[in-house]
Amino acid sequence: MKVSTLISSMKISAAGLSLQRRRLNVISSNIANAETTKTENGGPYKKQYLSVKAVNPNKFNEILEKTKTEIKITNNNHLKMDPEFLEDTKLKIPEAEVKEDNSEPRLEYDPSHPDADENGYVKKPNINLVTEMVDMISASRAYEANVVAINASKGMFRDALEI
Amino acid sequence: MINLFNKTRIPNLEKVLEAYSLRQKAIASNIANATTPGYKKVEVSFEDQLSSEMNSLRLKGTQTNEKHLSIGAKSISEAKPEIVESKTNKEDEYKSGYNNVDIDEEMALLAQNQLQYRMATRLISRAFKGIQSAIRGQAQ
């Protein structure tokens, strides 16, 4: 049995954990900046979100596999270069990128505000607190699910050691 | 290769362990991607290969020579656990949210897989104990 099999199931779950933590960071930043009307780029703070896509973690191994064809075995004692994860190219881990939501800012009527325009409207960030809270709960539940998966892998690994 | 363990169930159980640890990977991948838009959930095909073997068992050709081709059913050692994309690709599942991962289903599968793995490891260690008492030739 390959030890790497169980270990990499933990790696996949760890990628899930890291994704949910990043989501939580982004959400915290959105909530903290829900009233920020000025940023370095001018204009109000813009809602940030994670754009997630599923990628295969074995890009490195694929490259290794390509170079492998150039390695010739001219002697039986030569070691074979054989990355054993390659068969699992259908397994994917999430990869995230922080993006800004460019939707229109929320307009609030507050003529006394220093950032108000000539009509008395202040441009507030395009953040809906309720949406952020819901996303936050979703992220923390997804985080828990990944923790459970890691614990299951750990248990299985321990069982295997007890054979 | 002639091996002390070939006639026991240990090689089969090893195969089973391999399949379960691959399935663990697939489930971990599904859970990690539970919030990834457009992700397609993956499964491990293993048991279905075995059941098709069971059904075609009576077509099994006898091999009296190493060079004979195998006819009919594969033996369990030839079954290969592999990762496949789930075939339940209903459009509705994508409409409802991100992807076709059902987190409840995955958590249940996770628990089930863990227990099955534990069962297989227990069976293996029991098989080893059996061999050990056969070697000693006496009860414990």
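Numbers below:
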{"quantity": "Hits in segment A:28-43 - residues which are in a helix (DSSP H, G or I) and over 15 Å from A:Ser103 (Cα atoms)", "calculated": "A:Ser28, A:Ser29, A:Ile31, A:Ala32"}
{"quantity": "Hits in segment B:4-52 (condition: out of contact with any helix residue (DSSP H, G or I) (no Cβ under 7 Å at 6 or more places or on another chain) and among the hydroxyl-bearing types (Ser, Thr, Tyr))", "calculated": "B:Thr36, B:Tyr39, B:Ser45, B:Ser51, B:Ser52"}
{"quantity": "Tally, over segment A:117-147, of residues that are open to solvent by less than 30 Å² (accessible area, probe 1.4 Å) and either at negative phi or within 14 Å of chain B (Cβ to nearest Cβ) (or both)", "calculated": "10"}
{"quantity": "Residues satisfying the stated conditions in segment A:100-137, i.e. β-branched (Val, Ile, Thr) and under 30 Å from the mean Cα position of the chain (by Cα)", "calculated": "A:Ile127, A:Val130, A:Thr131, A:Val134, A:Ile137"}
{"quantity": "Complete set of residues in segment A:151-163 that are in a helix (DSSP H, G or I) and either facing chain B (nearest Cβ under 8 Å) or among the hydroxyl-bearing types (Ser, Thr, Tyr) (or both)", "calculated": "A:Ala152, A:Ser153, A:Gly155, A:Met156, A:Asp159, A:Ala160"}
{"quantity": "Members of segment B:65-119 that are assigned to a loop (DSSP other than H, G, I, E, B), farther than 17 Å from B:Leu13 by Cα and either within 21 Å of the chain's Cα centre (by Cα) or at pLDDT 80 or above (or both)", "calculated": "B:Gly72, B:Ala73, B:Ser86, B:Lys87, B:Thr88, B:Asn99, B:Asn100, B:Val101, B:Asp102"}
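The values are calculated or read from the model by the stated rules, or taken from the named source; none is laboratory data. Since this is a predicted model, take the numbers as computed values, not measurements. Ideal geometry is used to build each Cβ from the backbone, glycine not excepted, and the neighbour counts take in all protein chains shown. Protein only, heavy atoms only, side chains kept; ligands, DNA and RNA dropped before computing areas. Shrake-Rupley method; radii C 1.70, N 1.55, O 1.52, S 1.80 Å.
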